[in-house]
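Asker: Okay, handing you the structure first.
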Amino acid sequence: MSDTGAGGTRTPHAGDDAAADDNVVDLLMRQHGDIRNLFDEVETTSGDARRDAFRRLVRLLAVHETAEEEVVHPFARRNVTGGEQVVAERLEEERLAKETLAELDGMDPEDPGFLPKLLLLRTDVQKHARAEERYEFTHILRTADPAGLAAMAKAVKAAEATAPTHPHPGVESGAANLAAGPLAALMDRTRDAVRKAMGGS
Amino acid sequence: MSFNPLEQRGIPLDRQLRNWRELDVEPVDPDHGDPYTRCRVITMNGIEVEAILFSHQLARHCPDPEVKRQLARTRYIEAQQQKVVNWLLPGVASVLETTIAYEQVAVDLTAWVARMEPDPYLQQAYQFGVLEDFDHLYRYANLYEMIEHRKAEAIVDQLTEVMPGRPTKYHHRDPVDNVRDPYDRTRTDPLSKLHALTIMSTEQQTMNFYMNVGPTYMEPIARRLYQEIGLIEEEHVTHYESLVDPGETWWEQLVNHEYNECYLYHSFMEQESDPKVKAVWELHLNMELEHLHVACDLMRRHDGREPEEVLAPELPPVMTFEPNKAYLRELLATQMDLTTLGAGYVRDAHERFEKLQEAIHGGEAPPSEQVIDEHREMFGREYRLETEGEHPDPAMRQG
């Protein structure tokens, strides 16, 4: 399903490459690409394949945004000059995206209104991601030392582990979805995992 | 459709200025647009940048203040055209995404020009060059997946294949071997002049782009790869600009530039799938027709010649963005191991080539090799997009 056909190579998903993942910015930038890949997959599939791809997209977005809110934004707020304002702008973008995401989450992916709303979300998410890369990540790289970047990467990885975004053909049933839980519960679980990884602060 | 720009009138020059609202164009969609629309945007940006730079050079050699003012008037409009064209690119695209689109332009535009070029010596120059841009696309595509976890096929679609061409490490030649022989302006097909000007302009823009965006990357491998390929783009500009007859007068060159802009805007208007972009091509064509008339008047006045003597009687068939997969595979099978010697081509690594290679590589694998190694370490494979089967050269197939 996530095979790309021609090359026969699977589209990479968060964490499933052999990268050292010792730099939170590199890791989050790759996740931005993973999110974009999943949007592609939702758009180009239909029926159960689309439902499955959308579930994975929702999970990755939830995990990614929660991890950013818990790990990256607090760091930027504390350590970057003007960080308060930069983060406030990012949070507002995230809030809007989450609203759209929640609306989509309650819709059937076959609903005629689904795809137009998904495209709106995609545009917002993409703008948000680039804004982070340009106005927030750049400053984090300048301010954080290698140990700090690695510690933040570890926390993001812990978030990822709470909701795997890999496709599990055959297992991707109602039961698996139920286990992942609704959006809000997933975000809570992710938040707990991140805080634990960050040393319980 | 037969179209002779010399017989058409466009928008009068004093009515071509656009206000901020008119300059504020809506960019193309980075995820759902036609990849060849983006290729046309990148091509026309390169053409407009060359128009501006050429006009500045001409003005610096021009002692007559009235002519300088005339050039400034047209150039200001051309600067607005460049702003509109290049601002069609979306701000959410990353530099690397745009880079891959630049290489798609270099591959499919140069391949098309090579296919259509009537002069065998010039054709060989394009065939030689395209296998290098083809390899650059493959190297950047591997970098793109490493940094952004995205596959280049999300940018080039299935229109252009991505696999090794002539390996980038072999593009570093002694500078004297990059200089070609020019066509003869009195005998060459007018189409050949347009081809040379077009490819020279797009390669020049690619050179300018890489030399400026390369250092904005933080990843060491990205910085180094842009440096290496940026240097090769300089070789390509040397290669293609030397094809143009230096005996053309400044005014003749100006007329050729304006004529080529008419040709390309007309070509792209004919094939554009995006209606908003098509409207830009149409508007700009109508502006260029007038720029051409201004240039023709200058040529008549200063050279005492008629522009018809140097131009085609009508526009050649439209320059087209389309897949060139079979043609490129034929070149991959037959011309991978070529290098240049003087103004010609040889299959052997000659002494001058070896000497430069040794000096520039300093006994290490260059960034273009490292990027593939690092990608393999990260994913256990390389990134390729081989839609028509395995690589035509058995030595380049994946083990």
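Asker: Specify which of the listed residues (B:Gln357, B:Gln370, B:Gln398) is polar (S, T, N, Q) and touching a Leu at 6+ places or on another chain (Cβ under 9 Å).
Answerer: B:Gln370
Asker: What number of residues in the stretch B:155-192 are crowded, with 21+ Cβ neighbours inside 10 Å, assigned to a helix (DSSP H, G or I) and not polar (S, T, N, Q)?
Answerer: Here the count works out to 4.
Asker: So, one more: Which residue out of B:Leu131, B:Leu143, B:Leu88, B:Leu137 is crowded, with 22+ Cβ neighbours inside 10 Å, more than 26 Å from B:Phe353 (Cβ to Cβ) and away from chain A (no Cβ under 13 Å)?
Answerer: B:Leu88
Asker: Now for a separate question. Tally the residues that are of a type in the set (Val, Ile, Thr), surrounded by 14 or more Cβ atoms within 10 Å (Cβ to Cβ) and in a helix (DSSP H, G or I), restricting the search to the stretch B:354-387.
Answerer: 2
Asker: Of all residues in the stretch B:94-118, which are touching a Leu at 6+ places or on another chain (Cβ under 9 Å), farther than 30 Å from A:His32 by Cα and of a type outside the set (A, V, I, L, M, F, W, C)?
Answerer: B:Glu117, B:Pro118
Asker: For the stretch B:49-70, which positions are crowded, with 19+ Cβ neighbours inside 10 Å and aliphatic (A, V, I, L, M)?
Answerer: B:Val49, B:Ala51, B:Leu58
Asker: A further question follows. Check A:Asn37, A:Asn23 and return the single one that is surrounded by 18 or more Cβ atoms within 10 Å (Cβ to Cβ), at pLDDT 90 or above and farther than 24 Å from B:Pro30 by Cβ.
Answerer: One residue alone meets the criteria, A:Asn23.
Asker: Another question about this same structure. Residues of the stretch B:389-399 being out of contact with any helix residue (DSSP H, G or I) (no Cβ under 7 Å at 6 or more places or on another chain) and more than 14 Å from chain A (Cβ to nearest Cβ), which ones?
Answerer: Within the stretch B:389-399, B:Pro394, B:Ala395, B:Met396, B:Gly399 meet the criteria.
Asker: If you don't mind, another one. Working only within the stretch B:342-399, note down all residues that are within 19 Å of B:Leu332 (Cβ to Cβ), out of contact with any Lys or Arg (no Cβ under 6 Å at 6 or more places or on another chain), among the charged types (D, E, K, R) and without any contact (Cβ under 8 Å) to a residue 60 or more places away in the chain.
Answerer: Within the stretch B:342-399, B:Arg347, B:Arg397 meet the criteria.
Asker: Of these, A:Thr44, A:Thr81, which one is more than 20 Å from A:Ala184 (Cα to Cα), out of contact with any helix residue (DSSP H, G or I) (no Cβ under 6 Å at 6 or more places or on another chain) and modelled with pLDDT under 90?
Answerer: On inspection, the qualifying residue turns out to be A:Thr81.
Conditions tested, residue by residue: (1) β-branched (Val, Ile, Thr); (2) crowded, with 20+ Cβ neighbours inside 10 Å.
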{"residue": "A:Asp17", "(1), (2)": "no, no"}
{"residue": "A:His32", "(1), (2)": "no, yes"}
{"residue": "A:Thr44", "(1), (2)": "yes, no"}
{"residue": "A:Gly47", "(1), (2)": "no, no"}
{"residue": "A:Ala53", "(1), (2)": "no, yes"}
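Asker: Just checking, does the stretch A:66-81 include any residue being surrounded by 15 or more Cβ atoms within 10 Å (Cβ to Cβ) and within 14 Å of another protein chain (Cβ to nearest Cβ)?
Answerer: Taking every residue of the stretch A:66-81 in turn, none turns out to be surrounded by 15 or more Cβ atoms within 10 Å (Cβ to Cβ) and within 14 Å of another protein chain (Cβ to nearest Cβ).
Asker: Given the conditions (1) over 29 Å from the mean Cα position of the chain (by Cα); (2) within 14 Å of chain A (Cβ to nearest Cβ); (3) of a type outside the set (Phe, Trp, Tyr); (4) surrounded by fewer than 12 Cβ atoms within 10 Å (Cβ to Cβ), which single one is not true for B:Glu351?
Answerer: Condition not satisfied by B:Glu351: (2).
Asker: Just a yes or no: is a residue in the stretch B:237-251 under 20 Å from B:Tyr102 (Cβ atoms), crowded, with 23+ Cβ neighbours inside 10 Å, in contact with a Gly (Cβ under 6 Å, 6 or more places away or on another chain) and of a type in the set (Ser, Thr, Tyr)?
Answerer: No, because not a single residue in the stretch B:237-251 is under 20 Å from B:Tyr102 (Cβ atoms), crowded, with 23+ Cβ neighbours inside 10 Å, in contact with a Gly (Cβ under 6 Å, 6 or more places away or on another chain) and of a type in the set (Ser, Thr, Tyr).
Asker: Take A:Phe75 and decide whether it is under 18 Å from B:Asp31 (Cα atoms), of a type in the set (Phe, Trp, Tyr) and at pLDDT 90 or above.
Answerer: No: the conditions fail for A:Phe75.
Asker: Another question, then. Could you look through the stretch B:25-60, keep only residues that are within 14 Å of another protein chain (Cβ to nearest Cβ) and among the acidic types (Asp, Glu), and pick out the one that is farthest from B:Glu270 (Cα to Cα)?
Answerer: B:Asp31
Asker: Whether any residue in the stretch B:372-388 is farther than 25 Å from B:Ile147 by Cα, within 14 Å of another protein chain (Cβ to nearest Cβ) and within 26 Å of the chain's Cα centre (by Cα) is what I want to check.
Answerer: yes
Asker: Now for a different question. Can you name every one of the helices (runs of 4 or more DSSP H) wholly within the stretch B:1-88 that holds 2 or more residues which are among the basic types (Lys, Arg)?
Answerer: B:35-60, B:65-86
Asker: Test B:Leu328 against the criterion of being more than 18 Å from the chain's Cα centre (by Cα), surrounded by 19 or more Cβ atoms within 10 Å (Cβ to Cβ) and of a type outside the set (Gly, Ala, Ser), and give yes or no.
Answerer: no
The values are calculated or read from the model by the stated rules, or taken from the named source; none is laboratory data. Quick caveat: nothing in here was measured; it's all calculated off a predicted structure. All Cβ positions, even for glycine, are placed from backbone atoms using ideal geometry, and neighbour counts span all protein chains on display.
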